[in-house]
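Novice: Sharing a structure below in structure tokens format, with a few things to ask.
Only the coordinates and a few stated rules stand behind these numbers; no lab work does. Everything numeric here is computed off the predicted structure, so don't read it as measured data. Please note: Cβ atoms are built from the backbone with ideal geometry, for glycine as well, and neighbour counts cover all protein chains shown.
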Amino acid sequence: MLGTTLTVEPGPPGVGQRFTAVTALGPVGFADPMEVTAWDPPRRADVRHLGDVVRGTGTFTVDPAPGGAWLTWTEDLEVPFGWAGVAGLKALEPLARGGLRVSLRRMARDLEARSRPKLRRVEEAT
């Protein structure tokens, strides 16, 4: 994701795997530690947010679609700091949506590039 660095703790992928996403814009940012709570590759992964700023759960599912697949990302989050947190989240929503849009387009482009067959250039013998 745009402005996010991911650090994965050692260990096999699956339930119990922990990782931390640090999202920052310049010197301002926060860590979002998570733990995998359900694992059914390549169809589904559930996480629990364990941090002070972001708490709640997330689910990522991949479903077949004509010509590819659909990724669905759902979050059920607790907003910190009461009404001030809700107001701050609303104020940041346009920026967050724009960053998410850019990130998802980049991810789609990268995934599409990986799935295309690699073409070899054939030199003609003279």
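Novice: Multiplying the sequence separation of Leu50 and Ala69 by 0.36 nm and subtracting their Cα-Cα distance, what value in nm do you get?
Specialist: Additional length available on full extension: 3.9 nm.
Novice: Quick one: angle between helix 82-115 and the longest Cα principal axis of the chain, in degrees between 0 and 90, rounded to 10, please.
Specialist: Compared with the principal axis, the helix lies near 10 degrees.
Novice: Between Arg43 and Leu111, take the C-beta separation as r, use R0 = 22 Å, and let me know the FRET efficiency to the nearest 0.05. Intermediate results must be reported in sequence, preceding the final value.
Specialist: Numbers: r = 16 Å, r/R0 = 0.72.
After rounding, the FRET efficiency stands at 0.90.
Novice: Moving to a separate point now. Can you give the relative contact order of the stretch 1-91 as a percent, counting alpha carbon pairs under 8 Å and 6+ residues apart? Please list the in-between numbers first.
Specialist: Working: 165 pairs, mean separation 14.3, N = 91.
Reported relative contact order: 16 percent.
Novice: Here is a further query. Residues with beta-carbon under 9 Å from that of Phe60, excluding Phe60: net charge, scoring Lys, Arg +1 and Asp, Glu -1? The partial results should precede the final answer.
Specialist: On the way: positive: Arg44; negative: Asp46.
Residues close to Phe60 contribute a combined charge of 0.
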